[in-house]
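See structure below.
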Amino acid sequence: MTDLTFDQPAPRRTPWLIESKALLLLAAPMAMAQLAQMAVMTTDVILLGRLSREALAAAAIGNTVYYFAWLIGSGPGMAVSPVIAQILGARPRDRMGVRATVRMGLWVTMLASLPLMILMLNARWILSHLGQAPDLARDAGIFVSMLAFGLPFTLGYQALRSFAAALGKPTATLWVMLASIVFNGVAGYGLIFGHFGLPKLGLMGSGLATAGSSIFSFVAMLVVIWATPALRKFRIFRRAHRPLPVKARELVRLGLPIGVTMIFEAMLFNTMTLVMGTFGAVAVAAHQIALNFASITFMVPLGFAMASTVRVGLAVGRGDMVAARRAGVTAMVLSVGFISLVAVAMVLFGPQIAGLYLGDGRAGDAAVVVLATQYLLVAAAFQVFDALQVVGAHALRGLKDARMPMVLAGVSYWLAGAPVCILLGVILKMQGLGVWIGLAFGLAVAAGAMCWRFWRITRV
């Protein structure tokens, strides 16, 4: 096997340069795949923004329920990558261990999806009892109920993607996501607005298109794995009916705190979206625009972070803690360097960025642009912290360190970030701007905590 992920420890003369090259070759397609995945969601935002501000706001509110369900179920699938990386770091030819990990990853994620689908089908009731406006709750419930049918396939795709990434084949995921952009865009355009002979379903059509895209991505990933010799030789579906409780427990033990860690962060943002809903549809629409654009740019640091999980895991598997630290620190430096350039663009071109998400000259759009521009200014400030915390968290996953990062995330987001959001946004009546400042503070605390934890564990 010639993949860079399985190279020998770097020579003493240029270890940082060699690590940077290896990380970039792994991270670049991962980041592009993340951007492609984000493009699928961005397509929904743009299409719904052109349908109506109310539809955009309902989708934003509904996604708080969807992402909660996704985060609960996605942990074991994400745990597949560090488990495989450490297996191959220690035993590069251990196909049986890799196959067992992928198989149990699919088992666990599929089983977890069933109760989560029930949760999503009750989104309208949940949102109504969280104080959302009746019309927003109703429309959001319709949207999320359609998304529910794609959840098992989304979680299964996550496990397959982790398998490909750990094997140093991230381009497999990239091709799948590029095809999914086309599928989702065509299906969404047709089902939302009634083109191509399809019924005009509006918000429901958007949910159906996104669920269909999830099914398409899972099936396409299976095809790509079969068509890639380096992945096909692991025969991941051999004896697929046989459970392996020990491996399943390992994935749950690692995956559950990974999922909870992400929930602490994501639900802070989603909870603040609900808070924004109390400020009106204009504030929610502006929040969704700024958050969506910040999320797009965040995909590149996330690509570095995912690559760091693999690089750190391989180093730990072969017993080289010096290389593990080097992999994590290199990912931090590269991700911060990139995101700093993006932050400058967000400061300089905020109104233009916000305008991309809205139709032409509708009444009330100017107010959305003004608020979105303010939020983008704050987002530019917290981009560096966001990059550092995500790389720190993923590097720790490569060490199979998940429980303490979960605690650090809970403290950072809910004992630091959330109180500041409420204090500034609600009590001091700064509304959306105060909420965004609080989000930035929470990310800053998380970044410091995750990086400190990684540096401490990798001491030799």
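A few comments on the model shown:
- Qualifying residue in the stretch 370-383 (condition: at pLDDT below 90, over 19 Å from the mean Cα position of the chain (by Cα), under 13 Å from residue 286 (Cα atoms) and not in a helix (DSSP H, G or I)): no
- Subset of the stretch 107-139 [of a type in the set (A, V, I, L, M, F, W, C), in a loop (DSSP other than H, G, I, E, B) and within 25 Å of the chain's Cα centre (by Cα)]: 130
- Hits in the stretch 95-132 - residues which are closer than 12 Å to residue 65 by Cβ and aromatic (Phe, Trp, Tyr): 125
- Looking at the stretch 193-312, the helices (runs of 4 or more DSSP H) lying wholly inside it that each contain 2 or more residues that are at negative phi, over 20 Å from the mean Cα position of the chain (by Cα) and among the β-branched types (Val, Ile, Thr) sit at 203-227, 245-277.
- Condition met for residue 436 (surrounded by fewer than 23 Cβ atoms within 10 Å (Cβ to Cβ) and of a type in the set (Phe, Trp, Tyr)): no
- If you go through the stretch 188-233 and keep only what is in contact (Cβ under 8 Å) with a residue 12 or more places away in the chain, of a type in the set (Phe, Trp, Tyr) and farther than 19 Å from residue 149 by Cα, you end up with 189, 193.
- With respect to the stated conditions, residue 240 fails to be among the small types (Gly, Ala, Ser) and closer than 30 Å to residue 58 by Cβ.
- Pick from the stretch 360-369, criterion of a type in the set (A, V, I, L, M) and either modelled with pLDDT of 85 or more or assigned to a helix (DSSP H, G or I) (or both), ranking: surrounded by the most Cβ atoms within 10 Å (Cβ to Cβ): 368
- Test set (1) under 23 Å from residue 92 (Cα atoms); (2) surrounded by fewer than 18 Cβ atoms within 10 Å (Cβ to Cβ) - residue 236 fails condition number: (2)
- Selection from the stretch 340-359 of residues that are part of a loop (DSSP other than H, G, I, E, B) and free of Cβ contacts under 8 Å to residues at least 12 places away in the same chain: 349
- Residue tally, condition more than 17 Å from residue 56 (Cβ to Cβ) and surrounded by fewer than 18 Cβ atoms within 10 Å (Cβ to Cβ), over the stretch 184-214: 8
- Among residues of the stretch 387-428, those that are within 14 Å of residue 438 (Cβ to Cβ) and either touching an Asp or Glu at 6+ places or on another chain (Cβ under 9 Å) or assigned to a helix (DSSP H, G or I) (or both), counted: 16
- Test result for residue 241, surrounded by fewer than 20 Cβ atoms within 10 Å (Cβ to Cβ) and either acidic (Asp, Glu) or touching a Phe, Trp or Tyr at 6+ places or on another chain (Cβ under 9 Å) (or both): no
- Looking only at residues of the stretch 370-386 that are more than 13 Å from residue 432 (Cα to Cα) and out of contact with any Ser or Thr (no Cβ under 8 Å at 6 or more places or on another chain), we find that the one that is surrounded by the fewest Cβ atoms within 10 Å (Cβ to Cβ) is 381.
- Residue selected from the stretch 340-352 under the condition farther than 9 Å from residue 369 by Cα and in contact with a Leu (Cβ under 7 Å, 6 or more places away or on another chain), by the criterion surrounded by the most Cβ atoms within 10 Å (Cβ to Cβ): 346
- For the stretch 1-43, a residue qualifies if it is crowded, with 17+ Cβ neighbours inside 10 Å, in contact with a Gly (Cβ under 6 Å, 6 or more places away or on another chain) and either modelled with pLDDT under 75 or not aliphatic (A, V, I, L, M) (or both), and the qualifying residues are 5, 34, 43.
This table checks each residue for (1) at pLDDT 90 or above; (2) in contact with a Phe, Trp or Tyr (Cβ under 8 Å, 6 or more places away or on another chain); (3) within 25 Å of residue 283 (Cα to Cα).
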site	(1), (2), (3)
133	no, no, yes
152	yes, no, no
155	yes, yes, no
170	no, no, no
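- Selection of first residues in the stretch 104-125 that are touching a residue at least 12 places away in the same chain (Cβ under 8 Å) and of second residues that are surrounded by 16 or more Cβ atoms within 10 Å (Cβ to Cβ) and not in a helix (DSSP H, G or I), restricted to Cβ pairs under 6 Å at least 6 apart or on distinct chains, gives the following pairs, ordered by first then second residue: 104/244.
The values are calculated or read from the model by the stated rules, or taken from the named source; none is laboratory data. The structure displayed is predicted, hence computed values, not measured ones. As a convention, Cβ positions derive from the backbone with ideal geometry for all residues, glycine included, and neighbour counts pool all protein chains shown.
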